[in-house]
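The values are calculated or read from the model by the stated rules, or taken from the named source; none is laboratory data. From a predicted model like this one, the values you see are computed outputs, not experimental measurements. Using ideal geometry, Cβ is built from the backbone for each residue, glycine included, and neighbour counts are taken over all protein chains shown. These accessible areas exclude ligands, DNA and RNA; they are computed on the full protein's heavy atoms, side chains included. Shrake-Rupley method; radii C 1.70, N 1.55, O 1.52, S 1.80 Å.
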Amino acid sequence: MNDQIRVRFAPSPTGYLHVGGLRTALYNYLFARRHNGRFVLRIEDTDQARKVEGAVENLIETLRWAGIEYDEGPGREGDVGPYVQSQRLPIYHSHVQQLIDAGTAYSCFCTPERLDEIRQKQMAAKQAVAYDRHCRDLSPADAARRIAAGEKRVVRMKVPLTGEMTFHDIIRGDVTIGYNVLDDQVILKSDGFPTYHLAVVVDDHLMGVTHVIRGEEWLPSVPKHILLYQYFGWSVPQMAHLPLLLNPDRSKLSKRQGDVAVEDYRTKGYLKEAMVNFIAFLGWNPGDEREIFSMQELTEAFTLERVGQSGAVFNVDKLNWLNQQHLKLKPAAEIAAMLRPMLAARGITDVTDEYLQRAIGLMRERVTLLPEFIENGLYLFRDPDEYEDAGVKKSWDAEAVGRITTLADELASLAMFDHPSIEGCVRLLSERWGIKAGKIIHPTRLAVSGRTGGPGLFEMMELLGRDAVVRRLRSAVERIPVR
Ligand code: GLU
């Protein structure tokens, strides 16, 4: 392999893509794009107990939605596949054997009961819980005999008993971790599957990964991984550990304080552009005042050097604001295409593209999330079937009924039904009656939309068209009881 930059996103398929996972994927993707590198997707499914049906498909679909395309991975085979760890077992087995042969790993026959016993003892004595290295010095011949006799075993790596390791992290600088806090990590389980630690090292090496960019929770594992690289005689990729994601109260981001699955935000109607923009800022910033970024702009601006060390707060208000900004930027035709299925779900299928795009133009400044176009603007597509109580109380009385009746007649015969003409008509009536225009405007809005607030009334009436407006005014007169 040449010196091209290669990075990977290596999720475990747990059923959904966590927002932290989306950030890891995004940073890897941006880094690869910026450096003309390759972005690899690898599925880390060695924990068979945590397997979830459909999880991989869901993950890939969520990445695709966000616009994060991988160059190699499941369904996009490259030269170093397969990209699903459960399909690579023979590769791990031969590597584990290599370590056993070199004496840097050993078979451990301790039963779960024995391990539990030492754990209990250590806990009772308030000691750190760790394997007591009981099998570390078994002779290879003994071990081979016990394996041949069918005894269950795991394989553990040997960690030096004393000393420490210092390594460099692009984000955290030099990090030192003592070997005394490391266990003789299991690298091959009794079910024949490798653990994460072995598989990640073997795969990152065989897949030519040059930069490991992932969440900070993996930082303490780095010494184990570097030891494995050394045992295999391989060079170590560069490392970058991304800061933790925090709730607004600065506790670790948790489900309890809000959604953590990307698909939940997607379902709620957040735009992928806003989601990506928001996620990019969880730990990174461009170093200037800019806040609104497209994927392309992120690709040009992103560097690992500008990723900070301190935890990044997941602030939904900021996400909402960004969603509004991206809604304003998005072409109406694209928003229209996203609204069509939502309209259809309410049985609204007869709206023309032109009408829908004009409706979007009226509403886009007033919504945060996509579904609000329809929830708050349903009256743009069908006559209101109820009227806000507050509005009825405030502006609907016998006088209003008389005025709305006259207004309906006037509008029915207006030469042009555009918003300046409609406005002119309302103003003329208010002068004729010697009242403020608001006395007409409020009950008119109520009658036409059922609401007390919304986009500019005259533009809205122009969009609805003369027939609908006159029909709605007259029907309100009949339907809203006068207080
Ligand atoms: N499978 C690990 C995870 O889901 C990947 C960690 C890594 O990137 O090395 O977090």
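Provide the gained length on full extension for the span Ser139 to Ala337, in nm with one decimal, where the gain is 0.36 nm per separating residue minus the Cα-Cα distance. Mind showing how you got there, number by number?
Working: separation 198, 0.36 × 198 = 71.28 nm, distance 6.84 nm.
Extending this stretch completely gives an extra 64.4 nm.
Residues whose amide H falls under 5 Å from that of Arg8, counting only those 5 or more places apart or on a different chain, are Val40, Ile213, with hydrogens built in the peptide plane.
Database remark: amide H of Ile43 closer than 5 angstrom to the amide H of Val84, Gln85 (H placed geometrically; neighbours at sequence offset of 5 or more, or on other chains; Pro and chain starts carry no H). Summarising the amide proton neighbourhood of Asn376: residues at separation of 5 or more, or on other chains, whose placed amide H is nearer than 5 Å comprise an empty set.
Label Gln309 and Ser421 with points 7 Å out from Cα along Cα→Cβ: what is the distance between them in nm? Result: 7.0 nm between the two label points. In order along region 31-45, the Karplus-derived 3J(HN,Hα) couplings, from 6.51 cos²θ - 1.76 cosθ + 1.60 at θ = phi - 60°, round to 4, 5, 4, 5, 9, 6, x, 10, 10, 10, 9, 10, 8, 9, 10 Hz, and Gly and Pro are given as x. Helix 332-345 and the longest principal axis of the Cα set of the chain meet at an angle near 90°.
Entry for region 396-483 at q = 0.12 Å⁻¹: log10 I(q)/I(0) = -0.29, Debye formula applied to identical alpha-carbon scatterers, no solvent contribution.
For region 192-242, which semi-axes, largest first and in whole Å, follow from the square roots of 5 times the eigenvalues of its Cα gyration tensor? Provide the component values of the computation, followed by the final result.
On the way: eigenvalues 51, 35, 23 Å².
Over the Cα atoms of region 192-242, the semi-axes work out to 16, 13, 11 Å.
Rounded to a whole number, what % of the accessible area of region 350-441 do carbon and sulfur atoms account for, probe 1.4 Å? After summing per-atom areas, the C and S share lands at 50 percent.
Take the Cβ atoms of Asp47 and Asp350, set R0 to 41 Å, and the FRET efficiency comes out at 0.20.
Between Gln257 and Lys439, the C-beta separation translates, for a Förster distance of 60 Å, into a calculated FRET efficiency of about 0.80.
Quick one: length gained pulling Asp317 to Glu61 fully straight, 0.36 nm per residue minus the C-alpha distance? Provide the component values of the computation, followed by the final result.
Values: separation 256, 0.36 × 256 = 92.16 nm, distance 2.61 nm.
Result for the pair: 89.6 nm of gain on full extension.
Cysteines in the chain lacking any other cysteine Cβ under 4.7 Å from their own Cβ: Cys110, Cys425. Per-residue surface analysis assigns Asp397 an accessible area of about 50 Å², computed on protein heavy atoms at 1.4 Å probe radius. Using a probe of 1.4 Å, the accessible surface attributed to Met123 totals some 110 Å² when neighbouring protein chains are kept in position.
Count neighbours as other Cβ atoms within 10 Å of each site's Cβ, and list the trypsin sites (Lys or Arg not before Pro) in region 245-320 that are DSSP loop with at most 13 such neighbours. Walk me through the intermediate numbers first.
Numbers: sites: Arg250, Lys252, Lys255, Arg256, Arg266, Lys268, Lys272, Arg290, Arg306, Lys318; in loops: Arg250, Arg290.
Qualifying residues, ordered by number: Arg250, Arg290.
Here the chain carries DSSP beta bridges of which approximately 55% are antiparallel, counting only pairs with both residues inside. Note on region 1-42: Rg/Rh from C-alpha atoms, Kirkwood Rh, equals 1.04.
When nucleic acids and ligands are ignored and a 1.4 Å probe is applied, Met460 ends up with an accessible area of around 0 Å². The Cα atoms of region 79-180 cover 51, 49, 25 Å along the three principal axes, with the biggest extent listed first. Helix content alone sets the calculated 222 nm mean residue ellipticity of the chain: runs of n ≥ 4 DSSP H residues at -39500 (n - 2.57) each, divided across all residues, give -14000 deg cm²/dmol. For region 373-451, the solvent-accessible area works out to 50 Å² per residue, with a probe of 1.4 Å and every protein chain left in place.
At 1.4 Å probe radius, can you tell me the per residue accessible area of region 327-366 in Å²?
Details: 2250 Å² over 40 residues.
Computed with neighbouring chains in place, this is 56 Å² per residue.
log10 I(q)/I(0), Debye, Cα-only the chain, no solvent, q = 0.05, 0.06, 0.11, 0.14 Å⁻¹? One equal scatterer on each Cα of the chain leads to -0.33, -0.44, -0.95, -1.31. In plain terms, the bigger the Kirkwood radius, the slower the diffusion; for region 4-110, with that radius from Cα pairs, at 25 °C and 0.890 mPa s, Stokes-Einstein puts D at 161 µm²/s. Taking 7 Å steps out from each Cα toward its Cβ at Gln122 and Arg382 produces label points 6.4 nm apart. The angle separating the long axis of helix 466-479 from the principal Cα axis of greatest extent in the chain is about 80 degrees.
Remark: region 442-448, residue by residue, has Karplus-estimated 3J(HN,Hα) of 4, x, 5, 4, 4, 5, 7 Hz, where x stands for each Gly or Pro and the curve is 6.51 cos²θ - 1.76 cosθ + 1.60 at θ = phi - 60°. For region 29-155, the solvent-accessible area with a 1.4 angstrom probe is 56 square angstrom per residue.
In a shell of Cβ-Cβ distance under 11 Å around Gly283, excluding Gly283 itself, what net charge do Lys and Arg (+1) and Asp and Glu (-1) give? Mind dumping the intermediate values first?
Details: positive: Arg23, Arg306; negative: Glu216.
Overall, the nearby charge balance is +1.
Here the label points at Lys394 and Ala130, each 7 Å from Cα along the C-beta direction, are separated by 6.9 nm in the simple model.
In order along region 9-23, the Karplus-derived 3J(HN,Hα) couplings, from 6.51 cos²θ - 1.76 cosθ + 1.60 at θ = phi - 60°, round to 10, 10, x, 8, x, 9, x, 8, 8, 6, 4, x, x, 5, 5 Hz, and Gly and Pro are given as x. Treating each Cα of region 311-408 as an identical point scatterer and summing with the Debye formula, the log10 of I(q)/I(0) at q = 0.21 Å⁻¹ comes to -1.04. With the Kirkwood sum run over all distinct C-alpha pairs, region 153-216 has a hydrodynamic radius of 13.7 Å.
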